[in-house]
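Q: Please see the structure below; I have some questions.
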Amino acid sequence: ETIYLKDYKAPQFIIKTCDLVFELFEEHTQVTNLMQITKEDKNAKDLTLNAVDLELLEIYLDDEKLDESRYVMEKESLKILDVGDIFKVIIINKIYPHLNSELEGLYKSGNIFCTQNEPEGFRRITPYIDRPDVMAIFKVTLVADKERYPVLLSNGNRESNFKLDDGRHGITWFDPHPKPSYLFAIVAGDLGVIEDKFITKSNKYVRLYIYTDRGNESKCKHAMKSLKDAMKWDEDVYGREYDLSIYSIVAVDSFNMGAMENKGLNIFNSAYVLADEESATDANFMAIESVIAHEYFHNWTGNRITCRDWFQLTLKEGLTVFRDQCFSADMNSKEVGRIEDVKALRERQFVEDASPTAHPIQPDSYMAINNFYTATVYEKGAEVIRMLHTLLGEKKYRKAMDLYFDTFDGQAVRTDDFLWAMSKAGGVDLEQFKRWYHQSRTPKLKIDERFESGKFIVTLTQIVPDAVDGSAQKPYYYPLKIALLESSGKEILEKVLIVSKESQEFVFEAKSKPILSINRDFSAPIIIEHKESNYAFLMKHDKNSFVKYESAQSFALETIEALMRGEGIDEEYVKAYEHILEEELEMSYKALLLELPSVSAIMQRAKVIDFEIIYEAKEKLQKHLASTCKEKLLELYRQNHKPQSKKLDAKSIAERSLKNRALKLLSSLESDEIATLANEQYNMSLTMTDRVVALDILENISAELSATGLDDFYKRYKNDTLVMQKFFSILAASNREGTLDRVIALQNDDAYNELIPNFVRSLIGVFARNYKYFHAKDGLGYKFIADKIIDIDKINPQIASGLAGAFKIYEKLNEQNKSVMKIELQRVLNEHSLSKNVYEIISKILKI
Ligand code: ARG
Ligand code: ZN
């Protein structure tokens, strides 16, 4: 069942070209697949193709029709016996896209035919050597009813079209770039479209299209602008130009993940395309910009240079996330961008790294590869690239990227090949650095400091956790950006230290004992343990926006932990907080500085997790801050609350985030005054950002006002699926009593649809992250999610295994929660015909 990297073997056969004809009908699709194949391994006799859930009609080998003695059809493969060195295969098979609820291969999203083939969906369309190191040139003809499916798309350039007598029509596409099957895509539907153009730096004209359900065209403008910005950025920063004359994006409602970088034909979850001021939040606009760019950047990091095998996934994903993070930082605020990236990393990746599902960014084994599209492979992978960028510096990094593109263009390669280019052009030895690819879990760094006769001595000790199987892991190599500050706050020096040994001493000359500012910009994805740190000082004086933020977080965490131990509130923290409240700072950055640590952040530092205690302590601090700083917070709110503005410029977004931060903090007072403010905001504001924040606050502090608000919201938006997902999320995240029962009932709501992953994520997924009710001591939250995993696994194993992720913190829970959770986990495992996706996650959590 388990697949190992060490078992990798080069393909015995290569498919040179693949000509496909899709005849699309309402009840089935017929696929005709003509492949030119060559034998690479002269010892191979039979050709084995991947084939899952396919109904075989006919097979021809070099134009000879094969009878059943010449091939073997098994559950997941088709073996053609005794083939030559160079030959042609034609396979005709039938599939049923309208019944495909896994959303892999060819399926229907509403009335749109679309595909998702990464990593192994293509084998559900037609028999194929479905692995990324087999790259073919594809020609595709789509045939369908012209009225229902006027738009017929595939990769590459449009070659020709024809009409049939029976109202059907056909279009042929040709993609000149050889590509692996996972980048193959088709779309058919009656779609609306917006069109634009981009002229590349070498003057090539590219037509840009964004397709969506009719009526949503005007919501595609922001996505189009993001696409053009991304194309320009990749030319300016990486020198990479687009290489086809068409770039199309199609938005569909049913999609397992965010989006997919199919060559020249991206398919997107509509949540990452559609937006206007009326229906999308500021965060939605940012997410669209980032995902559009991510998929575009894959054209070079992923498509032109792809992965040899799926163990190399971080080769394209870590690198492409790093690229999209830098793009978003350039388009918006660098400071805020970096902090948001680190926050996201810790909320998801650190939790994963601390759990039994921890894995290196390059895993060495898997059961279900779909389980490895993780925060570790993506976000930690991006941090690893960022460290290389820091180690090499911008100039050499760019040189190394150029070398990577020059050397490996058109190939399917490994992370080692990437590191070779980095090392060669960067002039650094990366042997030890490679451990980041093969070791799991988050390393810690212990900082000890002393000052002796004009010398400041910093001792760094790496604490490297054991791997999941208990085996010891070795010290890492990484850049650690630090600075020394005088007591006036003045910076004496800033430096990038190279950490490489288990224990290392760094000596600095200094007149008096300086204050250490450490892991500036979060230069390495580690956990710092620093007893002597002076958070109040750094909150006030550090010029590094990350360390200033980090100090505010750490100070708050320590204050909350004291409360959890039954101690009082550290007034020095309150003073430092008030200072920030009064400081002149860029507003969206200030909003971040004023945010208290998440429940997850508190939980990650606890040895044994008890959510009730965490909640209580956090609420106590929040209430204390809200009442102590009430006037200032109200002032901040009033100054920046501009209900009649729906502008999307940086300043307007920042104002909204700051005043909404103030309002949220104040809401912990649960007073009528704040409820009234929130209610006014809900009724008056023109932006979705403001309405959602207001509604969320009302839901948590005023049963009465929230009932009217929710009612209004529902009536207004019940036909807008993306907005309804926000509605479900607010209710699923609620603190109010009866939340579980309401979530259960909402599944029967007319606006809810269990077959569409976005709905499952917005209701069930969000509930599974509602710490208060998911972790209720009676175990009913666990039982509900376990039931949902069992149900949804029958529909869509990927979505079910995503839900199972909520149980990752099992090991660290207190005995009571643990024992009720265990019963539910075991119950899921006892289900027969459980998918390997869910099995892999839950058996790892239970260490079976
Ligand atoms: N390559 C896509 C992206 O990162 C993700 C596709 C993942 N799909 C999946 N079924 N696991 O943009
Ligand atoms: Zn990606």
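Q: Amide H neighbours of residue 109 under 5 Å, at least 5 residues apart or on other chains, H built in the peptide plane: list them.
A: 114
Q: Considering every pair of different Cα atoms, what Kirkwood radius, in Å, is found for region 649-791?
A: About 15.9 Å, per the Kirkwood formula over Cα pairs.
Q: With a cut-off of 18 Å, note down the residues of region 455-488 whose backbone N falls inside the zone around a label point 7 Å from the Cα of residue 510 toward its beta carbon.
A: Those under the cut-off are 455-461, 480-488.
Q: Same structure again: Could you give the length gained by full extension between residue 498 and residue 365, i.e. 0.36 nm per residue of separation minus their alpha carbon distance, to one decimal place?
A: Values: separation 133, 0.36 × 133 = 47.88 nm, distance 3.10 nm.
Once the chain is fully extended between residue 498 and residue 365, it gains 44.8 nm.
Q: Follow-up question, since we're still on this one. May I ask you to order 322-335, 176-189 by the average number of other C-beta atoms within 10 Å around their residues, highest value first?
A: On the way: 322-335: 20.4, 176-189: 23.3.
So the order, starting with the most tightly packed, is 176-189, 322-335.
Q: Right, another one. Using the Cα atoms of region 204-340, I'd like the radius of gyration and the largest Cα-Cα distance, Dmax, both in angstrom.
A: Here Rg and the maximum Cα pair distance are 14.4, 44 Å.
Q: What list of ³J(HN,Hα) values in whole Hz, one per residue of region 469-486 in order, does the Karplus curve 6.51 cos²θ - 1.76 cosθ + 1.60 (θ = phi - 60°) give from phi, with Gly and Pro shown as x?
A: Here the 3J(HN,Hα) series is 7, x, 6, 6, 10, 9, x, 9, 10, 7, x, 10, 7, 10, 8, 10, 10, 7 Hz.
Q: Same structure, new question: Name the long-range amide H neighbours of residue 250: under 5 Å, sequence gap of 5 or more, or other chain; modelled H, no Pro or chain starts.
A: Under 5 Å from the amide H of residue 250 lie the amide H atoms of 211, 266, 267, 268, each far enough along the sequence or on another chain.
Q: Over the alpha-carbon set of the chain, divide Rg by the Kirkwood Rh and report the Rg/Rh ratio to two decimals.
A: Working: Rg = 27.7 Å, Rh = 28.7 Å.
Checking Rg against Rh, the ratio lands at 0.97.
Q: Provide the net charge surrounding residue 801, with neighbours chosen by a C-beta distance below 10 Å and charges set as Lys +1, Arg +1, Asp -1, Glu -1.
A: On the way: positive: 836; negative: 793, 840.
For residues surrounding residue 801, the net value is -1.
Q: Straight-line reach only, C-alpha to C-alpha below 23 angstrom: list the lysines that residue 75 could link to, leaving out same-chain residues fewer than 8 apart.
A: Of all the lysines, those that pass the test against residue 75 - Cα under 23 Å, at least 8 places apart if same chain - are 9, 45, 65, 94, 794, 836.
Q: Taking the Cα centre of region 577-720 as origin and charging only Cβ (+1 Lys, Arg; -1 Asp, Glu), how large is the dipole, in debye to the nearest 20?
A: On the way: 21 positive and 25 negative charges, 89 e Å.
Roughly 420 debye, rounded to the nearest 20.
Q: Explain nothing, just the number: dipole magnitude of the chain about its Cα centre with +1 on each Lys and Arg Cβ and -1 on each Asp and Glu Cβ, in debye rounded to the nearest 20. Intermediate results must be reported in sequence, preceding the final value.
A: Numbers: 112 positive and 134 negative charges, 323 e Å.
In total the dipole reaches around 1560 debye.
Q: Among 2, 689, what is the fewest-to-most ranking by other Cβ atoms within 10 Å?
A: On the way: 2 9, 689 23.
In order of increasing Cβ crowding within 10 Å: 2, 689.
Q: Same structure again: Using amide H atoms built 1.01 Å from N in the peptide plane, name the residues 5+ places from residue 16, or on other chains, whose amide H lies under 5 Å from its own.
A: 36, 37, 38
Q: Sticking with this structure for a sec: Normalised by the number of residues in the chain, what is the relative contact order in percent for Cα pairs under 8 Å and 6+ residues apart?
A: Across the chain, relative contact order equals 8 percent.
Q: Over the Cα atoms of region 409-466, what is the Rg over Rh ratio if Rh follows Kirkwood?
A: Details: Rg = 17.8 Å, Rh = 14.8 Å.
Using only Cα positions, Rg/Rh for region 409-466 is 1.20.
Q: Cross-link candidates for residue 455: which lysines have Cα within less than 27 Å, leaving aside residues fewer than 8 places away along the same chain?
A: Excluding near neighbours in sequence, the set is 444, 446, 481, 490, 495, 501, 511, 513, 531, 540, 543, 548.
Q: Among 131, 123, which comes first, second and so on when ranked by fewest other beta-carbon atoms within 10 Å? All intermediate terms of the calculation are to be shown ahead of the outcome.
A: Working: 131 21, 123 24.
Lowest to highest Cβ neighbour count: 131, 123.
Q: What's the Kirkwood radius of region 146-264 in Å, using all Cα pairs? Don't skip to the end; give the middle numbers.
A: Details: mean 1/r = 0.0638 Å⁻¹.
Roughly 15.7 Å, rounded to one decimal.
Q: Return the distance in nm (one decimal) between the two label points of a simple spin-label model at residue 204 and residue 467, each offset 7 Å from Cα along Cα→Cβ.
A: Between residue 204 and residue 467, the simple spin-label model gives 4.3 nm.
Q: Next up: Which net charge results for the neighbourhood of residue 722, defined as the other residues with beta-carbon distances under 13 angstrom from its beta-carbon, given Lys and Arg at +1 and Asp and Glu at -1? Can you show the working numbers first?
A: Numbers: positive: 219, 718, 726, 761; negative: 213, 253, 276, 278, 720.
Its environment carries a net charge of -1.
Q: Rank-order 158-168, 489-499, 277-287 by packing density, defined as the average count of other C-beta atoms within 10 Å over each peptide's residues, highest first.
A: Final packing ranking: 277-287, 489-499, 158-168.
Q: Looking at 242, 93, 667, which one has the Cα that reaches farthest to the positive end of the dipole of the chain (charges on Cβ: Lys, Arg +1; Asp, Glu -1)?
A: Positive-most Cα among the choices belongs to 242.
Q: Please compute the Cα-Cα pair-distance distribution of region 710-805 with 10 Å bins starting at 0, giving whole percents from short to long.
A: Pair shares across the bins are 17, 51, 28, 4.
Q: Work out from phi, with θ = phi - 60° and the Karplus expression 6.51 cos²θ - 1.76 cosθ + 1.60, the ³J(HN,Hα) of each residue of region 406-413, listed in order in whole Hz, and give x for Gly and Pro.
A: Working through the residues one at a time gives 4, 7, 10, 3, x, 10, 10, 10 Hz.
Q: Decide, for region 78-132, between rounded, prolate and oblate: order the square roots of the alpha carbon gyration tensor eigenvalues as a ≥ b ≥ c, take rounded if a/c falls under 1.5, and otherwise choose prolate if a/b is larger than b/c, else oblate.
A: Working: a/c = 3.17, a/b = 2.22, b/c = 1.43.
Prolate is the answer for region 78-132, as a/c is 1.5 or above and a/b outweighs b/c.
Q: A further question on this structure: Given C-alpha coordinates of region 389-544, what is the ratio Rg to Rh with the Kirkwood estimate of Rh? Please list the in-between numbers first.
A: Working: Rg = 18.2 Å, Rh = 17.5 Å.
Using Cα coordinates only, the ratio equals 1.04.
Q: Which of 225/343; 630/812; 316/788; 647/715; 201/221 have a Cα-Cα distance over 31 Å?
A: Numbers: 225/343 27 Å; 630/812 36 Å; 316/788 33 Å; 647/715 25 Å; 201/221 23 Å.
Exceeds cut-off: 630/812; 316/788.
Q: Turning to a different aspect of this structure: Under the Karplus relation 6.51 cos²θ - 1.76 cosθ + 1.60, θ = phi - 60°, what is the ordered set of whole-Hz ³J(HN,Hα) values for region 335-341, x standing for Gly and Pro?
A: Calculated HN-Hα couplings, in order: 4, 5, x, 5, 5, 4, 5 Hz.
FYI, it's all coordinate maths here, none of it is from the lab. What you are looking at is a predicted structure, and each value in this text was computed from that prediction instead of being measured. Using ideal geometry, Cβ is built from the backbone for each residue, glycine included, and neighbour counts are taken over all protein chains shown.
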